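Reading through the C-alpha cells given below for one structure.
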Amino acid sequence: MLYQLILSFSLLLLAESRQPCAKRDLGNGNIVCVCNATYCDTLDPWKRRTPVGVVTVYETNRDGDRLAETKLKFADNIDIDSTDSANDVVVVDQTVTIDRNKRGQKIIGFGASMTDSTGFNLRSLPESAQQHLIDDYFSANGLEFNLVRVPIGGSDFSTHAYSYDDLMTDDFDLNHFNLTADDHNYKIPYIKLAQKVSPYKIKLFGSPWAPPAWMKNNSQLIHGGYLIGEPGGKYYKTFANYFIKFLDAYKSNGIDIWGLTIENEPKAGNSKTYGFNCLGFTPELQRDFIKKDLGPALHAAGYGTDRLALMIFDDQRTQLFRWSSVILADKDAAKYVTGIAVHWYEDKDTNVGELDRTQAIDPTKYIINTESSNCCHDLGNWVNAEAYAKSIIIDLNHQVRGYVGWNMALDLLGGPRWCGGKADAPVAVDAAQHEYYKQPSFYSLGHFSKFLAPDSEKLAINEDKPLENVWSTAFERPDGAVVVIVFNQSADTVKFTIKEAINRWVTHTLRPHSIQTYIYYNN
C-alpha cells in the first residue's frame, strides 16, 4: 500500500512538471506550439513503471491535442453508441489481439538529419532557445531521438554547394581534405549538445551527396555523373579514402560515427537535370565498389563491421529489392554490409511488399528508412502528421527497424536550400521573432520515438476486421512494457479494443484523425 501511494505521488509530480503546449491557432485548423528563449512545452520522460492493469494513452489529433495523457485500466469499457445522430458521427468497432508468441524485428532507433540548414536555423535563435530545441528532439523531456544522419559535405539543404576537397584537382592523396566552417558552425556543436542531453548513446551515420567534382566524369557536383573509371581504379579508391578522412576528422573533433550509407540517392547519376549535389551508382557498381575499394579500406583503417555499420542503397523503395539482390548475392561484398537504407518518396500501398522481399534476401541485414520529408504545406498543417504516422506504422509492420526524417528545423520559407525550392520540417524557425513553432508532425513522430526504445521487439497484432484508413502496430520494450500505436485517418470514430487474453481487454475512443500510443505492463 505504501509503495502504491509513493508511486501515485511520483506520477502526479511528473504529470505536474510537464509544460503544456503554448498553442497558436493560425486558422484553417492549423495549430502550432510556440517556443522561445524562456518557454517551451515538454513531454513526460517515460522511465517509470505503472502498476499492472494500468494503461496510459497518449493522443495527438487534428483538433489540437498534443500527446494528451489519459489513464485507463484493463477491463475498462467505454460505452460508445454505434451512431451519434446529433453530430452525424459514425462509430465502428475494432479489436486487436496482441500475440506475444509471434515476434519480429528489434528497433534500432528513430531520428532525423543534422543538415546544414538545421544548424543554420538553430544558430539563428538565442542560445537558450537553441537549447530548448535540442532538448525537444533529444532529451528525456523531448522526442528522445537516437539516430542522426549527417551529410558528408554539403547537401541540397546547405547554404552553398561544397565538398571537403574543392581547392585542388587530382588530389588523390586527399592532402587538401578539410572539414568546413559548415561542420564547425552547423553540425558538430549541435551534435555535441544532443549527445549531452540524450538518455541514449546517439547513433550517427554519414551520407555523402557528392564527392569533389574532380572525381566525377562530368566535373560537377550536380547534374548526375559517376566516378571516373571503374571500381578498383584510382578514383574509386580515392573516394573510399574520402570516407575514412571524414570518419577520422569527426573523431578528432570528439565525435564517433556509428555508420555510413554509400551514397544518397545513387540513381541520380543518370539525370543531367538533377539540380543538386549527387553521384551515380548502379547496383553492380556499388557492389564492386564495396568489395574492391570501400570495404577493404574501411577494414584496414580500423572501421570494420564490428565498429561501423555500412548500409547500401539509400534510395527509393521501388528499386530496393533489385539493388539488395545484386549486392547481397555477392558474398565478397555482402560481408562488409550490415544494413540497407531506403527513402520514402516513392512509397505506395502497392509496393510495400518490397520491404518483406528484401528482408528475406538476408534476414541478418536490417532495413532503416533514412529519409522522409514533406513539401510544401502551410505552417501548422495536419497533413504531414498523418503522412508520418501512416508511413512509420506500415514500415514497422514490414520489417523496418529504424526511421530517420530529413531536416529537423527550417525557416518559414522552408530553407535555406542553396539550389532553390523548399521543404517542410517538424519545427519551423522564425528568427526575426526569436521563436520557433513545433508543428503537428513533431508530435506525430513522438508517438513512436518516445515510446519505442532501442531493442523494443515487434509483437504480432491481429485485427478482428480491417478498417479502411486505420493502422496499428505493437512492440514490447526492453523494460517489459507493451506499446500499441494506432492511427485513424478516417472521419469515423473507432471503438478501439486491445485484447491481451480471453478476460483481459481495454477499450477506448479513437477519434477521427488521431494518433494514439498505449503503454502498459503485464507484470
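The values are calculated or read from the model by the stated rules, or taken from the named source; none is laboratory data. All values derive from a computational prediction rather than experimental measurement. With ideal geometry, Cβ positions are generated from the backbone for all residues, glycine too; neighbour counts draw on all protein chains shown.
With respect to Ser158, determine if the residue is closer than 17 Å to Pro189 by Cα and either part of a loop (DSSP other than H, G, I, E, B) or outside the structural domain of Ala428 (by TED's automatic domain parsing) (or both).
Yes: the conditions hold for Ser158.
Does the range 365-372 include one or more residues that are over 30 Å from Pro296 (Cβ atoms) and either over 14 Å from the mean Cα position of the chain (by Cα) or of a type in the set (Phe, Trp, Tyr) (or both)?
no
Restricting attention to the range 337-356, and to residues there that are of a type outside the set (Ser, Thr, Tyr) and within 16 Å of Glu265 (Cα to Cα), which single residue is surrounded by the fewest Cβ atoms within 10 Å (Cβ to Cβ)?
Per the stated criteria, the residue is Glu346.
Give the range 344-367 a look and list any residue that's under 28 Å from Tyr437 (Cβ atoms), touching a residue at least 40 places away in the same chain (Cβ under 8 Å) and out of contact with any helix residue (DSSP H, G or I) (no Cβ under 8 Å at 6 or more places or on another chain), or say none.
none
To keep it simple, each residue is scored yes or no on (1) assigned to a loop (DSSP other than H, G, I, E, B); (2) modelled with pLDDT of 95 or more.
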position	(1), (2)
Leu11	no, no
Pro20	yes, yes
Val32	no, yes
Cys35	no, yes
Asp41	yes, yes
Pro45	yes, no
Arg48	yes, no
Tyr58	no, yes
Gly64	yes, yes
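Every residue in the range 332-364 that is over 18 Å from Ile393 (Cβ atoms), part of a helix (DSSP H, G or I) and in contact with a strand residue (DSSP E or B) (Cβ under 7 Å, 6 or more places away or on another chain), please.
Correct list: Thr358 only.
State yes or no: is Lys465 basic (Lys, Arg), assigned by TED's automatic domain parsing to the domain that holds Ala501 and surrounded by fewer than 21 Cβ atoms within 10 Å (Cβ to Cβ)?
Yes, satisfied.
Within the range 468-523, count every residue that is without any contact (Cβ under 8 Å) to a residue 40 or more places away in the chain, farther than 26 Å from Gly29 by Cα and part of a strand (DSSP E or B).
Residues flagged as without any contact (Cβ under 8 Å) to a residue 40 or more places away in the chain, farther than 26 Å from Gly29 by Cα and part of a strand (DSSP E or B) within the range 468-523 amount to 2.
So, Gly380, is that one more than 13 Å from the chain's Cα centre (by Cα), of a type in the set (Gly, Ala, Ser) and not in a helix (DSSP H, G or I) or not?
yes
Here's a check for you: in the range 243-293, which residue that is among the β-branched types (Val, Ile, Thr) and either touching a residue at least 60 places away in the same chain (Cβ under 8 Å) or out of contact with any helix residue (DSSP H, G or I) (no Cβ under 9 Å at 6 or more places or on another chain) (or both) is surrounded by the fewest Cβ atoms within 10 Å (Cβ to Cβ)?
Of everything passing the filter in the range 243-293, Thr273 is surrounded by the fewest Cβ atoms within 10 Å (Cβ to Cβ).
Here is a yes/no grid of residues against (1) at pLDDT below 95; (2) outside any helix (DSSP H, G or I); (3) closer than 29 Å to Ser324 by Cβ; (4) of a type in the set (Gly, Ala, Ser):
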residue	(1), (2), (3), (4)
Pro189	no, no, no, no
Tyr200	no, yes, yes, no
Gly224	no, yes, yes, yes
Gly232	no, yes, yes, yes
Gly254	no, yes, no, yes
Glu263	no, yes, yes, no
Leu285	no, no, yes, no
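Please work out which residue is surrounded by the most Cβ atoms within 10 Å (Cβ to Cβ), limiting yourself to the range 368-390 and to residues that are charged (D, E, K, R) and within 13 Å of Trp344 (Cα to Cα).
That would be Glu371.
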